[in-house]
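To keep things clear, I will list the structure first and then write my remarks on it.
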Amino acid sequence: MVMEDHSLLLVQQGEIVWSREDGLASVVDVTTSELPVQKEGVSVAKVEQNLFEWLKGHMLKLKGTLMIASPDDLAAIQALRLRSSEKSKMTRDHNGFRKLLIVLTRAGKVFALHTGDGRVVWSMLLPSLRKSEACENPVGLHIYQWQVPHHHALDENPSVLVVGRCGPSLSAPSVLSFIDAYTGMELKSLSPAHTAAQVIPLPHTDSTEQRLHLIIDDNQHAYLYPRTPEAIDILKHEFSNVYWYSVDADNGVIRGHALKSNCVQEAVDEYCFDFRDLWSVVFPSESEKIIATMTRKANEVVHTQAKVMTDYDVMYKYISKNLLFVANAAPKAAGEIGTVIPEEAWLVIYILDTVTGRILHRMTHHGCQGPVHAVFSENWVVYHYFNLRAHRYEMSVVEIYDQSRADNKDVWRFVLGKHNLTSPISSYSRPEVIAKSQSYFFTHSVKAIEATSTAKGITSKQLLIGTIGDQVLALDKRFLDPRRTVNPSQAEKEDGIIPLTDSLPIIPQSYITHALKVEGLRGIVTVPAKLESTSLVFVYGVDLFFTQIAPSRTYDSLTEDFSYALLLLTIVALVAAIFVTWVLSERKDLQDKWR
Amino acid sequence: MDKGKGVMPSNTRRWAVDFSDNSTSPSSRDVPDPPGFSRASIDQDDSTLSRQKRDAESNWKAQKAWEVAQAPFKNLLMMGFMMWMAGSTVHLFSIGITFSALWQPISALQSVGKIFEPYKDSRVELLGPKLLFIALNLGGLALGVWKLNALGLLPTHTSDWVSSLPPAQEVEYSGGGLNLS
């Protein structure tokens, strides 16, 4: 039996034999949440509740070591071990490896998976997203982090916002649902009258640590959530700095808008705002059709704004969160690969600033077509497409640097602190950007690309490439460095620049999925852990896969087989040796004086 | 024989004569003074002798002080050679040599007073040697700092200072994209 939430049950003679949550095969969106802080006095281990059970557990383990356990006992021992192991506890850990992955499936059911062992902590079929007479074809669209309490982490639970729609078209009414991340209970459910064409999470939070969101409907009105006067105050404070851009792929137009004022409508709604058109970039529809867009992740952390090249030369990265990467293909080439000849196919990529509409960089690849998969991180974009002339897939990298800061070369200005490199920058100042790019051949076809992200952004990045074989390859970003040359000089080799080859190497050991396959791979999500060297990776498709990867190996923690005993023994031996030799030397001194 | 026995009861040897006896009374010795010899003149020779001795002492002290002041020069040359042998890569040996080249002048400068203590004299001008000592040690320190710079450990380039700058904050925020499908 297939249930409404896409779970399967086998019912025999009125009894459920097994049930399986198959809704997890259609994950639509993923977000993460931290687990509760470990409180003192509250025992987290629920295993040791009953003394009898504890004794029984120990007896089973003893039988296991003595090899007289039956297969049932072995299964029970395994279950005990799994339940009480470190990685499946329900509290935060020091390295930030234990988190909750909150996934929204197509059935409208929200699951919370524990990153330690992947078990379902809670699951909730949202009542607001169930089929009813009010809502004919509900579909869940996105899930956002709503409230992440930092200051009140011990009292309040984080919550997430689920945005859904009651029908397949854009003009269907929207559904909002706020869910508690620890218990899965629906805190609030709203069915506002407006539609939801886009959701913009703003970088501001109010005093209860709820993040402000603007939901934009298809009439270009923005509705502010949470609907509190305090949120309006915060928005009014930052009114002139909030912009919105819309990508119209059918007509090939990208428009930028700024917040204007409250809506002019019959009913006065002070949480509704109007936009004013600022700029528009119109792509010629007879030669270009938008096939892919990509932006940076909003919560990405960049460690430093300078990149040191060889010979102590410094270039400043153009790190702006308001950049958009657009890939346009020739209209004939917008279909399947191989339906067009190379002379009629080209791929044009743009990097736009979405506040001013300025085109910062444009490049044309002749004889190439999509589908284009791209990832935008820090100041670089890596995108993957098909080269018809060479009959191979290609990956290109574009890195953007800010030339207007490059005349800060005097050391004394830095020593005395008289530079303006950390003052806030505006997109309206004229940036002189230069872009460096390079292309390489790549043999695999790609389903998804993502870059690793860490807590402080210090660790070098790896690109996680979900291949057509349903495996994930971790490719070091150093292979996609525009500074690569065929014969690097000695200084460049010391810098770590790999000599240029025409194709990217696929090292079989760098598949993070090892021998497994993530069937029907659809998306890759990376989450930073608290430990700087490690990044958590969640891959979803029909199968779900989770792992921790350390792109530069774990340089900030001791190895697991570090012998603390040897260290202690050495220290004790050295202290003893110091004491003994001190006594001996004192005695010798005394004897010399008495001679 | 009688005379020898009676005069110096503490002297155990009969025939030993103490030549350095500076006593003024002529009768303290059993050997009579030679004719024309007056004891009083020995006193005058005493003071000149001691004056000469003191002169010799202070000359010797001054000479020694200048020698001590010039000792760091040899040290400098040896340190220079060892640093040249250490090479320009950052290894344990080169770091060790550089830091000992930096530490030796500093510790010598701290103990300037103690080094020149034995040569302290009211008639010896110690300022000159001391200044030379200090100057040579500062030269050694400069050599150590130069070596540190040659190893690339001094923050003399822009890249040393700029790598710690956090990214600048952006004033505007822009969101949006394709419509949710």
Quickly run through region A:174-189 and pick out the residues that are more than 14 Å from every other protein chain (Cβ to nearest Cβ) and in contact (Cβ under 8 Å) with a residue 24 or more places away in the chain. A:SER177, A:PHE178, A:ILE179, A:ALA181, A:TYR182, A:THR183, A:GLY184, A:MET185, A:GLU186, A:LEU187, A:SER189
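Take the residues in region B:104-160 that are β-branched (Val, Ile, Thr) and touching a residue at least 12 places away in the same chain (Cβ under 8 Å); name whichever of them is nearest to B:SER88 (Cα to Cα).
For region B:104-160, the residue satisfying everything is B:VAL145.
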Pair list, Cβ under 6 Å, 6 or more apart: region A:414-427 residue at the interface with chain B (Cβ under 7 Å from one of its Cβ atoms) and under 29 Å from A:TYR243 (Cα atoms), other residue at pLDDT below 75 and not in a loop (DSSP other than H, G, I, E, B): none
Inspect region A:58-65 for any residue being surrounded by 16 or more Cβ atoms within 10 Å (Cβ to Cβ), part of a loop (DSSP other than H, G, I, E, B) and more than 40 Å from the chain's Cα centre (by Cα) and give the result as yes or no. no
Tell me which residues, restricted to region A:250-273, are in contact with a Cys (Cβ under 7 Å, 6 or more places away or on another chain) and not in a loop (DSSP other than H, G, I, E, B). A:ASN262, A:CYS272, A:PHE273
Can you name the helices (runs of 4 or more DSSP H) wholly within region B:75-181 that have at least 3 residues being touching a strand residue (DSSP E or B) at 6+ places or on another chain (Cβ under 6 Å) and within 14 Å of chain A (Cβ to nearest Cβ)? B:158-162
Of a type outside the set (Gly, Ala, Ser), touching an Asp or Glu at 6+ places or on another chain (Cβ under 6 Å) and either more than 22 Å from A:GLN509 (Cβ to Cβ) or in a loop (DSSP other than H, G, I, E, B) (or both): does that describe A:LYS418? no
How many residues does region A:226-260 contain that are of a type outside the set (Phe, Trp, Tyr), more than 25 Å from the chain's Cα centre (by Cα), more than 10 Å from chain B (Cβ to nearest Cβ) and on the phi < 0 side of the Ramachandran plot? 16
What are the pairs, 6+ residues apart or on separate chains, where a residue within region A:351-375 that is closer than 24 Å to A:VAL433 by Cα has its Cβ under 9 Å from a residue that is assigned to a strand (DSSP E or B) and acidic (Asp, Glu)? A:VAL355/B:GLU170; A:ILE359/A:ASP353; A:LEU360/A:ASP353; A:HIS365/A:GLU394; A:VAL375/A:GLU450
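Conditions tested, residue by residue: (1) among the aliphatic types (A, V, I, L, M); (2) at pLDDT 90 or above.
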{"position": "A:THR422", "(1), (2)": "no, no"}
{"position": "A:SER427", "(1), (2)": "no, no"}
{"position": "A:LYS461", "(1), (2)": "no, yes"}
{"position": "A:GLU492", "(1), (2)": "no, no"}
{"position": "A:ILE506", "(1), (2)": "yes, yes"}
{"position": "A:TYR511", "(1), (2)": "no, yes"}
Please find, among A:ASP592, A:ASP556, the residue that is closer than 18 Å to A:THR452 by Cα and either in a loop (DSSP other than H, G, I, E, B) or modelled with pLDDT of 90 or more (or both). A:ASP556
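Being modelled with pLDDT under 85, more than 30 Å from A:GLN78 (Cβ to Cβ), within 14 Å of another protein chain (Cβ to nearest Cβ) and surrounded by 15 or more Cβ atoms within 10 Å (Cβ to Cβ) is the requirement here; does A:CYS135 meet it?
no
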A:SER171 meets each of (1) within 14 Å of another protein chain (Cβ to nearest Cβ); (2) of a type outside the set (Val, Ile, Thr); (3) part of a strand (DSSP E or B) with one exception, condition (3)
Just to be sure before I move on: is A:ILE400 β-branched (Val, Ile, Thr) and closer than 25 Å to B:ALA168 by Cβ in the structure I sent? yes
Within region A:321-347, how many residues are buried (at least 24 other Cβ atoms within 10 Å of the Cβ) and among the polar types (S, T, N, Q)? 1
Which pairs have Cβ atoms under 7 Å, sit 6 or more apart or on different chains, and link a residue in region A:477-498 that is within 19 Å of A:VAL314 (Cβ to Cβ) to one that is of a type in the set (Ser, Thr, Tyr)? A:PRO482/A:SER437; A:ALA491/A:THR310; A:GLU492/A:THR310; A:ASP495/A:THR310
Could you tell me how many of the residues in region A:393-413 are more than 9 Å from every other protein chain (Cβ to nearest Cβ), over 29 Å from the mean Cα position of the chain (by Cα) and not in a loop (DSSP other than H, G, I, E, B)? 1
Does A:ILE468 satisfy the criteria of being of a type in the set (A, V, I, L, M), loosely packed, with under 15 Cβ neighbours inside 10 Å and at pLDDT 90 or above? yes
Exception for A:GLY466 within (1) under 18 Å from the mean Cα position of the chain (by Cα); (2) closer than 21 Å to A:TYR401 by Cβ falls at (2)
Among the residues of region A:297-324 satisfying the criterion of being farther than 21 Å from A:ARG362 by Cα and basic (Lys, Arg), which is farthest from the other protein chains (Cβ to nearest Cβ)? A:LYS297
Residue count for region A:546-595, restricted to those that are within 30 Å of A:LEU463 (Cβ to Cβ) and basic (Lys, Arg): 1
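What about A:MET294, is it part of a strand (DSSP E or B), more than 10 Å from chain B (Cβ to nearest Cβ) and touching a residue at least 24 places away in the same chain (Cβ under 8 Å)? Outline the logic, then answer.
Working: part of a strand (DSSP E or B): yes; more than 10 Å from chain B (Cβ to nearest Cβ): no; touching a residue at least 24 places away in the same chain (Cβ under 8 Å): yes.
For A:MET294, the condition - part of a strand (DSSP E or B), more than 10 Å from chain B (Cβ to nearest Cβ) and touching a residue at least 24 places away in the same chain (Cβ under 8 Å) - is not met.
Give the residue, chosen from A:TYR223, A:TYR182, that is within 30 Å of A:TRP122 (Cβ to Cβ), assigned to a loop (DSSP other than H, G, I, E, B), among the aromatic types (Phe, Trp, Tyr) and modelled with pLDDT of 85 or more.
A:TYR182
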I'd like to check something: does region A:240-249 contain any residue that is among the acidic types (Asp, Glu), outside any loop (DSSP other than H, G, I, E, B) and either in contact (Cβ under 8 Å) with a residue 40 or more places away in the chain or within 30 Å of B:VAL171 (Cα to Cα) (or both)? yes
Any idea which of (1) part of a strand (DSSP E or B); (2) within 20 Å of A:THR454 (Cα to Cα); (3) more than 11 Å from chain B (Cβ to nearest Cβ) is the one A:ASN328 doesn't satisfy? (2)
List the pairs whose first member sits in region A:209-223 and is small (Gly, Ala, Ser), whose second member is crowded, with 20+ Cβ neighbours inside 10 Å and part of a strand (DSSP E or B), and whose Cβ atoms are under 6 Å apart, counting only residues at least 6 apart or on separate chains? A:ALA222/A:LEU214; A:ALA222/A:ILE216; A:ALA222/A:PHE273
Quick count over region A:203-220, residues being buried (at least 20 other Cβ atoms within 10 Å of the Cβ), within 14 Å of chain B (Cβ to nearest Cβ) and assigned to a strand (DSSP E or B), is 5
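The values are calculated or read from the model by the stated rules, or taken from the named source; none is laboratory data. Remember, it's a predicted structure, so these values are computed and weren't measured experimentally. Glycine gets a Cβ as well: all are built from the backbone with ideal geometry, and neighbour counts include every protein chain shown.
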